[in-house]
Amino acid sequence: MKILGIIPARWASSRFPQKVLADIGGKSMVQRVYEQALQAKKLDKVIVATDHEKIAEHIVSFGGAVSLTSPDHPSGTDRCREALAQQAEAYDYVINIQGDEPFVQPQAIDELAHLLDGQTQLGTLVSEIRDASVLSNPNMMKVIFNAHREAIYFSRTAIPYLRDVPADKWLQHHTFYKHVHLYAYRADILREITELPVSPLEKAESLEQLRWIENGYRIKVGITKHKSLSVDTPADLERAKQHMDIK
């Protein structure tokens, strides 16, 4: 399988504009993501897909590969489709690596790539929830999947609901999983899902994965123990710096 790693990096962000250029220990956040992705053994190529010349110039400045895409894409998935179409070579799969996760583990990317066998339409990773605050956090996506390790549902709330068990005891009675923000798309499926209209469940939870499930696509799930750190706000950036012992 030939796999293209794409890092969507948009200029605007409602909670943290230009965050991909934020400095973390002398390197931009997007450079750290790029360098982590390059260490993955299963990716044939890694590029940054951006909507802004300044980000593109920055990528080139540290020797990275970049694809300049439309500023009008509603999601990273749509940006991935355009970036894939711009490639001279053909790829079987695309792995979408979030541009705001500076410590994404190369091993996690390879774990996701391991799921891609030509039959897999879509793939993602989950990890076990061990902290009750994560279970109740609507910004942390929860996932349930079937016996074939295919996603059944993604939600901002804790799923499943444990009847007759106090909420503060849920983690003692069931294994819950959170979504790890890596996605894999078979090339033909990527083109198909970006042409689908917004679905009712997607609109309700503001989660594009639900559009895919509602339309009958299968999302293969891998369980990982590798952790990352998403930077969505300036406060998250400070935590990222502390993660590197940067004061």
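What follows draws every value from the coordinates through simple rules; no lab data is involved. Because the structure is predicted, anything quoted here is derived from the model rather than measured. Every residue, glycine as well, gets a Cβ built from its backbone with ideal geometry; the counts of neighbours run over all protein chains shown.
Over all other residues within a Cβ to Cβ distance under 11 Å of D110, the charged ones net out to +1, with Lys and Arg as +1 and Asp and Glu as -1.
Identify the chymotrypsin sites (Phe, Trp or Tyr not before Pro) of region 117-188 meeting these criteria: DSSP loop state and at most 11 other C-beta atoms within 10 Å of the C-beta. Each step should come with its number before you reach the end.
Numbers: sites: F145, Y153, F154, Y161, W170, F176, Y177, Y183, Y185; in loops: Y161, F176.
In loop regions of region 117-188 (DSSP not H, G, I, E or B), the sparsely surrounded chymotrypsin sites (Phe, Trp or Tyr not before Pro) are Y161.
Here's how it looks for Y183: its modeled amide H is under 5 Å from those of N96, which are all 5 or more places away or on a different chain. With 0.36 nm allotted per residue and the present C-alpha distance subtracted, the Q172-A90 stretch has 24.8 nm of extension available. Across region 64-69, rounded Karplus estimates of 3J(HN,Hα) from the backbone phi angles (6.51 cos²θ - 1.76 cosθ + 1.60, θ = phi - 60°) give x, 9, 9, 10, 8, 10 Hz, Gly and Pro being marked x. Among Q31, Q18, Q121, the largest mean-square fluctuation in a Gaussian network model of the chain (Cα springs under 10 Å) belongs to Q18.
Taking only the alpha-carbon positions of the chain and ignoring solvent, what does the Debye formula give for the base-10 log of I(q)/I(0) at q = 0.15, 0.16 Å⁻¹? Values, matching the q order: -1.09, -1.25.
A P(r) calculated from all alpha carbon pairs of region 125-247, with 10 Å bins opening at zero, reads 11, 37, 34, 16, 2 percent.
The residues neighbouring E195, those whose beta-carbon lies less than 12 Å from its own, together hold a net charge of 0 under the Lys/Arg +1, Asp/Glu -1 convention.
Over all pairs of distinct alpha carbons, what does the Kirkwood formula give as the hydrodynamic radius of region 25-82, in Å? Kindly include the intermediate steps, with their values, before the conclusion.
Details: mean 1/r = 0.0824 Å⁻¹.
Here the Kirkwood hydrodynamic radius works out to 12.1 Å.
For region 146-247, the set of GluC sites (Glu not before Pro) satisfying both a DSSP loop assignment and a count of at most 16 other C-beta atoms within 10 Å is given as E195.
Have a look at the DSSP beta bridges in the chain and tell me what percent are antiparallel, nearest 5. If you can, show how the numbers build up before the last one.
On the way: 21 of 39 bridges.
Looking only at bridges with both residues in the chain, the antiparallel portion is about 55 percent.
With the convex hull constructed from alpha-carbon coordinates only, region 22-150 shows a mean projected area of 9.9 nm² over all directions.
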